[in-house]
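To start, the structure under review is shown below, and the notes come after it.
A short reminder: the numbers here are calculations on the coordinates, not readings from a lab. Owing to the predicted nature of the structure, the values given are computational and were not obtained by experimental measurement. Neighbour counts are summed over all protein chains in view; Cβ atoms, including those assigned to glycine, are modelled from backbone coordinates with ideal geometry.
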Amino acid sequence: MSAAYWRRAMNTAAASAVRPLPTAPVATAGAPIDGSAGTPRWLAWLMQHIAWRHVLVLLGVLLYPFVATPFFTYQIGAQALALGLIALSLTFLGGYGGMVSLAQMTVAGMAGYMVAIFGSSSAAAISLGWPWWLAVAVAIVIAVVFGTLVGWLSVRTEGIYTIMITLAIGVAFFYLAQQNYTLFNGFQGFNKVFAPSVLELDFREPVPFYFLTLGCALAGYAFVKLLVRAPFGAALQGIRDNPRRMRALGFDVTAHRVAAYAVAALLAAVGGVLMVWYNARISPGTMNTAAMINILIIAVLGGMRHPIGAFIGAIVFVLVQNFAIDLLGAVGRERFNLVIGGVFLAIVLFSPDGLLGLWAKLRSRLDPQSPTSNQRRRLQ
């Protein structure tokens, strides 16, 4: 930083030192303590933390199924929200915990298999036929336990070793499901795993299923945003930055990391249930190596440091997946991985923080008074 910047900072500090202190408001019975007379606490909190862009985005996603076709509502919107919820689990682990796991799609696949096994499917000899709500609850619990065990095995390693352990677990479960016919029905998997009907509302229809995925996605997003601001989230970010110092301060680093895997498993399990209802089937191909890497691509495309980035990356991924054939013809159909890999490489090269990082750079250039531009000028 330049000497002129430090002089301006010192002059500002000196001026504020001689400025008289503001008079504290006198609290009266029944009056709010934040000084906003007549404003409830919850409304004041919403006005402080929710911007206009959040309201516009919320209105957009709520009105989307009423202006879009059933194809865009179901194939694009609902699929992107379900995949984004699974990618959000990886964003939480990687962005706030510093742990990159390739087993999140495996956890989602475990939840999907459990829904098919405990619920109803085409394999009547294997499926138990439980009520859908009981099958979903048991499936989520088993998937969370499985994801916690994955974390318990992998948190003692760091970096590339964590990635390799989670990849090995995912590949092992893939081959187990492919070769086991007694429990997982082999490579065929389970078909006709339909979404339920609740109070004459059929979630197999595009609009009801879209709102179901939207509700789960909003709940997962809000849960992550609140959790990272809680003491647990602050401790997890401190462990990400300097685990040795956090251990010296008395924090149990291993316990916090395992708990983070449990939280991520909960998000991935809910996304896995939505995906098995979306496809109406589950098979080993749903959670193969390509599917595990696709979740990593989605998380990195949107931005690993932002929870909303998981859903932005999922939208881009689903759009490329559906329209690469129309744009590139036979090349897009036969070389989809090459196309999505090219998009991934271009975004990573121009913006390591994904699409949100690229947007922040463009915004700082277009608006010289933005916080990003001011921070860059201070660092020069």
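Rounded to the nearest 0.05, what FRET efficiency do GLU158 and ARG365 give with R0 = 45 Å and r taken as the Cβ-Cβ distance? Could you check? Show your work: numbers first, answer last.
Working: r = 36 Å, r/R0 = 0.80.
The formula returns an efficiency of 0.80 here.
Summing +1 for each Lys or Arg and -1 for each Asp or Glu, what net charge is found among the other residues whose Cβ lies under 14 Å from the Cβ of GLY94? Don't skip to the answer; put the middle values down first.
Numbers: positive: ARG240, ARG257, ARG305; negative: GLU158, ASP241, ASP353.
That sum, taken over residues with Cβ under 14 Å, equals 0.
Work through the residues other than GLY151 whose Cβ is under 15 Å from its Cβ and net out their charges, Lys, Arg +1 and Asp, Glu -1. Could the numbers behind the result be given before it?
Numbers: positive: ARG156, ARG240, ARG257; negative: GLU158, ASP252.
Result for the neighbourhood of GLY151: +1.
Need one number: nm distance between label points at ARG247 and PHE66, each 7 Å from Cα along Cα→Cβ, rounded to one decimal.
Going from the ARG247 label point to the PHE66 one covers 5.6 nm.
If packing is taken as the average count of other Cβ atoms within 10 Å, what order do 73-82, 280-289, 260-269 fall into, highest mean first?
260-269, 73-82, 280-289
Given H placed 1.01 Å from N in the peptide plane, which residues other than close sequence neighbours of ARG281 have an amide H under 5 Å from its amide H?
VAL193
Roughly speaking, what is the stretch gain from LEU58 to GLN188, that is 0.36 nm per residue apart minus the C-alpha to C-alpha distance, in nm to one decimal? Show your work: numbers first, answer last.
On the way: separation 130, 0.36 × 130 = 46.80 nm, distance 3.92 nm.
Here the answer is 42.9 nm.
Using a 10 Å cut-off on Cβ atoms, rank the peptides 92-105, 240-253, 217-230 from the highest mean neighbour count down.
On the way: 92-105: 26.1, 240-253: 12.7, 217-230: 15.9.
The packing order, highest mean first, is 92-105, 217-230, 240-253.
Full extension from ALA234 to LEU201: what is 0.36 nm times the residue separation minus their Cα-Cα distance, to one decimal in nm?
Details: separation 33, 0.36 × 33 = 11.88 nm, distance 4.07 nm.
Result for the pair: 7.8 nm of gain on full extension.
Starting from 0.36 nm per residue, how many nanometres of slack lie between THR289 and LEU319 once their C-alpha separation is accounted for?
Details: separation 30, 0.36 × 30 = 10.80 nm, distance 2.10 nm.
Result for the pair: 8.7 nm of gain on full extension.
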